Amino acid sequence: MTKGQRGYFGQWGGAFIPEVLQQTFSELNTAYRAARADKQFWQEYVDLMGNYSCRPTPLTFAENLSNHLGGARIYIKREDLNHTGAHKANNVMGQGLLVRRMGKKRVIAETGAGQHGVATATMAARFGFDCTIYMGEVDVARQRPNVFWMEKLGATVVPVKDGSRTLKDAINEAFRDWVTNMDSTHYVLGTACGPHPFPEMVSWFQSIVGIEAKKQIQEQHGKLPDRVYACVGGGSNAMGIFQGFLEQKEVELIGVEAGGRGVDTGKHAARMVGDTASPGVAQGYKTMFLQDDDGQMLDTHSIAAGLDYVGVSPILADLGEKGRVRFEAATDTEVLDALTMTMRLEGIIPALESAHAFVQAIKEASSMSRDQALIINMSGRGDKDIFTIAHAFNDPSWKEFIISRAAEYSAK
């Protein structure tokens, strides 16, 4: 990652925090810098992820999908096979080790798709921390299976009813908690956003994805890939895999945002595509936000709960501005089509978030030659999305099952 003064990436980033949190952030920065300088800390992290979280995750050659599209060889980085079913465990287990170093006993987190919440609850159980998860009321409803598991893992899940009742509002509520409990509590921010050092720190822990993928593609394909695709919400999974290839300018990096019902409809979460977003400062940092002329955050929409955030990682904002990362947007309809194709041809079920990356890769693979290769970062698995997907497909047998099961519960 390229950065100028600490916490800034080009013009983006910083730490715009209230005075009451200055000491807490100073302690966090000190602990993070010490850990980053300690080779034993990184080795402890790698060992933990190896024996607890199924790393390294495989790089799967999607032979059927490649043959069907008739162009580049398609490889899928299988973060769905990481413990808790997504890339989120990489960051939270790393922060868990850091929390233990700092001697704190309670963690809080925000979550949209629920995977970060499940991962944080898992980490808290593993390390013996008290845990509270903030989640927008809309996301609680559409990600109920993940809420169930968070609670069973021992976390307290707090539905946030303010604003749009989605991820940005959950982040706001988590910061409010932290201000009043900062001596005992660490905020496990889930993506590469927020005040410094979070964008850099989260990206560091997620870099394990790119380190693995770079080694794996060279072993399997004999050379580097031509393109790497990742979905972009806040940006942690994209930063994770992109870091393996940032220095190799011949590898094109493509971030795919939530096009929702169409970027021209206003019902989307595309910040780096077109002119829908503008620079702003919110939630402790400067980046591109979906906001009105008065700086008020706009409502967003995506079929994927984890992609409907109003901002984007300041690191990705910088890489986009410099032209190192190309950004595209995938609509809800395209996502469902790509999901169906991947399931039917490969027997692999991407999360709705990850399916955005599949959309763009599928669009472009056939125009590439057979000796070229691309990697899709499959950031999570789709079983968490069963309610959303079944509803979107209007599956009659699923609908009948839900109605009958609801009747059973009502009768008890």
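Coordinate-derived values only; no laboratory data. Here the structure is a predicted model, which means the values were calculated and not measured. Because the Cβ atoms are built from the backbone with ideal geometry, glycine has one as well, and the counts that use them run over all protein chains shown.
For a quick check: with amide H placed at 1.01 Å from N, whose amide H comes under 5 Å from Thr156's, ignoring anything fewer than 5 positions away on the same chain?
Cys131, Thr132, Ile133
Mind jotting down the distance between the C-alpha centroids of the stretch 160-195 and the stretch 338-367, whole Å?
Using only Cα atoms, the two centres lie 32 Å from each other.
Compute the separation of the alpha-carbon centres of the stretch 256-288 and the stretch 216-245 and state it in Å as a whole number.
Going from one Cα centre to the other spans 23 Å.
Tell me which trypsin sites (Lys or Arg not before Pro) from the stretch 1-90 have a DSSP coil assignment and no more than 13 other beta carbons within 10 Å of their own.
Those satisfying the criteria are Arg6.
Counting only DSSP beta bridges with both residues in the chain, tell me the antiparallel percent, nearest 5.
Once the DSSP bridges in the chain are tallied, antiparallel ones form about 30 percent.
Using Cβ counts within 10 Å as a stand-in for footprinting exposure, how do Asp139, Asp294 rank, fewest first?
Working: Asp139 27, Asp294 5.
Going from sparsest to densest Cβ surroundings: Asp294, Asp139.
Mind giving me the nanometre distance, one decimal, between the label points for Asp264 and Thr30, set 7 Å out from Cα along Cα→Cβ?
Distance between the two pseudo-spin positions: 5.6 nm.
Can you check what the net charge comes to around Val310, using other residues whose Cβ is under 9 Å from the Cβ of Val310 (Lys, Arg +1; Asp, Glu -1)?
Net charge in that neighbourhood comes out at 0.
Could you tell me which of the pairs Lys223/Lys249; Lys161/Lys267; Lys286/Lys322; Lys77/Lys384; Lys168/Lys363 are separated by over 24 angstrom between their Cα atoms in the structure shown? Provide the component values of the computation, followed by the final result.
Numbers: Lys223/Lys249 14 Å; Lys161/Lys267 20 Å; Lys286/Lys322 16 Å; Lys77/Lys384 19 Å; Lys168/Lys363 31 Å.
Exceeds cut-off: Lys168/Lys363.
Helix-derived [θ] at 222 nm for the chain: sum -39500 (n - 2.57) over DSSP H runs of at least 4, divide by residue count, nearest 500?
Details: 15 runs with 185 residues, N = 412.
Counting only the DSSP helices, I get -14000 deg cm²/dmol.
Along the Cα→Cβ direction, 7 angstrom out, place labels at Phe41 and Ser404. What is the inter-label distance in nm?
So the label points at Phe41 and Ser404 sit 5.5 nm apart.
Only counting other Cβ atoms within 10 Å, I'd like Lys214, Lys105 sorted with the fewest neighbours first.
Lys105, Lys214
Most exposed first by the Cβ proxy, i.e. fewest other Cβ within 10 Å, how do Cys193, Cys231 rank? Don't skip to the answer; put the middle values down first.
On the way: Cys193 28, Cys231 33.
Fewest to most other Cβ atoms nearby, the residues stand as Cys193, Cys231.
Excluding same-chain residues fewer than 8 positions from Lys399, which aspartates and glutamates have a Cα within less than 16 Å of its Cα?
Within the straight-line cut-off, Lys399 pairs with Asp385, Glu408.
Given labels modelled 7 Å from the Cα in the Cβ direction, how far is it in nm from Ile211 to Glu250?
Here the modelled spin labels are 2.5 nm apart.
Dimensions of the chain along principal axes (Cα, Å, largest first)?
Largest first, the chain extends 61, 57, 49 Å along its Cα principal axes.
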